[in-house]
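A short worksheet on the structure shown next.
The values are calculated or read from the model by the stated rules, or taken from the named source; none is laboratory data. Quick caveat: nothing in here was measured; it's all calculated off a predicted structure. Quick reminder, even Gly has a Cβ in these numbers, built from the backbone with ideal geometry, and neighbours come from all protein chains shown.
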């Protein structure tokens, strides 16, 4: 039996492209360019959307996690997603990091204070 690369490639379904980390970064650069152009034209306020920039890191991490062929590629996807998630939570005000005391805290609920 001859298992040449052309035979295995022909038998596997192909969707035309893979969603990789590079593809996600390219889309993010394109989207940011459109956003900033619309901001310059006074059609959109870009500052309202810039707090969500860590979602790009999460998307890159998920792409690496899903398309990774080795354990190290998948692990880098987990790391990218974790860092992006942490930065997104910080950007939205759910996690506060103090550089002076090296402490991390979550915001307290107003219902807990009497």
### Residue within the range 94-110 that is more than 22 Å from residue 25 (Cβ to Cβ) and modelled with pLDDT of 90 or more present
yes
#### Entry: Failed criterion for residue 39 (all others in (1) under 28 Å from residue 76 (Cα atoms); (2) modelled with pLDDT of 90 or more; (3) in contact with a helix residue (DSSP H, G or I) (Cβ under 7 Å, 6 or more places away or on another chain) hold)
(1)
### Message
Quick test for you: out of 79, 83, 58, pick the one residue that is within 11 Å of the chain's Cα centre (by Cα) and within 14 Å of residue 19 (Cβ to Cβ).
### Response
58
### Query
Taking only pairs six or more apart or across chains, which ones have beta-carbon atoms under 8 Å, a first residue in the range 13-31 that is more than 17 Å from residue 69 (Cα to Cα), and a second residue that is surrounded by 14 or more Cβ atoms within 10 Å (Cβ to Cβ) and modelled with pLDDT of 90 or more?
24/56; 24/59; 24/60; 24/63; 25/56; 25/60; 28/56; 28/59
### Query
Out of all the residues in the range 70-92, is one or more out of contact with any strand residue (DSSP E or B) (no Cβ under 7 Å at 6 or more places or on another chain), surrounded by 15 or more Cβ atoms within 10 Å (Cβ to Cβ) and in a loop (DSSP other than H, G, I, E, B)?
no
### Query
In the range 44-60, what count of residues is obtained for those that are farther than 16 Å from residue 29 by Cα and surrounded by 14 or more Cβ atoms within 10 Å (Cβ to Cβ)?
1
